[in-house]
Amino acid sequence: MTKTVVITGANRGIGFELVKCYLANGDWHIIAACRSPESAKALNSLADATDGDIEIVQLDVANADSVAAFASAIGDRKIDVLINNAGVIGGDHQSLGDIDYDEWMETLAINTLGPVRVTEALISNIRKSDNGKIVAISSQLGAMQYQTQGRFAYNSSKAALNRAMTLLASQLRSESIIVAMYHPGWVQTDMGGQQADITPPESANSLFQCFEKLVLADTGKFFKWNGEPHAW
Ligand SMILES: NC(=O)c1ccc[n+]([C@@H]2O[C@H](COP(=O)([O-])OP(=O)(O)OC[C@H]3O[C@@H](n4cnc5c(N)ncnc54)[C@H](OP(=O)(O)O)[C@@H]3O)[C@@H](O)[C@H]2O)c1
């Protein structure tokens, strides 16, 4: 039977590669969420080449009206997997002595509140699945044990994302809905840069396999892109 996956930030980077993975691996209806569907050229071309497997829907995860419109476009359909992938690195002013607090708020709105907002809007759809899964693409930079300097906005947004997702995991465990967080690796995307360790297909293919293997015992946990546990 066809399963449905929602992927946010599906027009480029890791999100776009995840769309390709779901397309290539089994019977999936892919709801590809992106901020500007009209300018998502590669995603539109891919969707046009399929037989309705990819449905492109507008979604700005930081905008309440956009999230509400997205939920209403989905209606009462079942969602089996929600991938909260959309994210930003934040602005250029994230170092001590040069912190732009408005930029920081914007980063939190996208990276932290966005995944919770989208999950909350779609929770009744996820509850319809027998094996509902919610994943968040987090970052090693959100881990307390990761030694790094600067990037106040980005790093704190991912740390807070992890905490919010563990709360969701606690609340949804009794309903057998799995919530898991992933560091996708350092990936060659617009965000990661070309000097990064791995390609988007390497990251996305491995993440896809990990998501498929998730069981309830994994809920509330933080993993690396290769499925190994990630330290907090
Ligand atoms: N690349 C890495 O090395 C790396 C490492 C650790 C974690 N991550 C995480 O992995 C995820 C994907 O990153 P990426 O490397 O693929 O980045 P990317 O190439 O910069 O793509 C980011 C995606 O997020 C979307 N997005 C940004 N703000 C949005 C909003 N308000 N509403 C909806 N969509 C929004 C972008 O849409 P637009 O095209 O409209 O801007 C784009 O589709 C992010 O959460 C990132 O923090 C990446």
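One line per residue, one yes/no per condition, for (1) more than 11 Å from the ligand (Cβ to nearest atom); (2) touching a Gly at 6+ places or on another chain (Cβ under 9 Å):
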position	(1), (2)
Ile110	no, yes
Leu113	no, no
Thr119	yes, no
Arg127	yes, no
Ser139	no, yes
Gly150	yes, no
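If you filter the stretch 51-74 down to residues that are over 18 Å from the mean Cα position of the chain (by Cα) and without any contact (Cβ under 8 Å) to a residue 24 or more places away in the chain, you find that the one that is most open to solvent (accessible area, probe 1.4 Å) is Asp51. Would you pick out the residues in the stretch 177-217 that are closer than 18 Å to Asp130 by Cβ and either in contact with a helix residue (DSSP H, G or I) (Cβ under 9 Å, 6 or more places away or on another chain) or open to solvent by less than 20 Å² (accessible area, probe 1.4 Å) (or both)? Ile177, Ile178, Val179, Ala180, Phe211, Leu214, Leu216, listed by residue number.
Scanning the stretch 1-28 for residues that are open to solvent by 40 Å² or more (accessible area, probe 1.4 Å), more than 15 Å from the ligand (Cβ to nearest atom) and not acidic (Asp, Glu) yields Met1, Thr2, Lys3, Leu23, Ala24, Asn25, Gly26.
Answer yes if at least one residue in the stretch 160-168 is within 11 Å of the ligand (Cβ to nearest atom) and modelled with pLDDT of 95 or more, and no otherwise. Yes, that holds for at least one residue.
Here the stretch 29-50 is the region considered, the condition is being of a type in the set (A, V, I, L, M) and open to solvent by 20 Å² or more (accessible area, probe 1.4 Å), and the residue that is farthest from the chain's Cα centre (by Cα) is Ala49.
Filter the stretch 46-68 down to residues that are hydroxyl-bearing (Ser, Thr, Tyr) and within 13 Å of the ligand (Cβ to nearest atom), then give me how many there are. Before you say what the answer is, go through the steps one by one.
Quick first cut of the stretch 46-68, residues hydroxyl-bearing (Ser, Thr, Tyr) only: 50, 66.
From what is left, the residues that are within 13 Å of the ligand (Cβ to nearest atom) are 66.
Residues that pass the stated criteria total 1.
For every residue, the table says whether it meets (1) within 30 Å of Ile30 (Cβ to Cβ); (2) open to solvent by less than 70 Å² (accessible area, probe 1.4 Å); (3) out of contact with any Leu (no Cβ under 6 Å at 6 or more places or on another chain).
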position: Asp76; (1), (2), (3): yes, no, yes
position: Ala86; (1), (2), (3): yes, yes, yes
position: Gly97; (1), (2), (3): no, no, yes
position: Asp102; (1), (2), (3): no, no, yes
position: Ala109; (1), (2), (3): yes, yes, yes
position: Leu113; (1), (2), (3): yes, no, yes
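Yes or no: Thr119 hydroxyl-bearing (Ser, Thr, Tyr) and out of contact with any strand residue (DSSP E or B) (no Cβ under 9 Å at 6 or more places or on another chain)? Spelling it out, it is not the case that Thr119 is hydroxyl-bearing (Ser, Thr, Tyr) and out of contact with any strand residue (DSSP E or B) (no Cβ under 9 Å at 6 or more places or on another chain).
The values are calculated or read from the model by the stated rules, or taken from the named source; none is laboratory data. Because the structure is predicted, anything quoted here is derived from the model rather than measured. Ideal geometry is used to build each Cβ from the backbone, glycine not excepted, and the neighbour counts take in all protein chains shown. Side chains included, ligands, DNA and RNA excluded: accessible areas come from the protein's heavy atoms. Shrake-Rupley method; radii C 1.70, N 1.55, O 1.52, S 1.80 Å.
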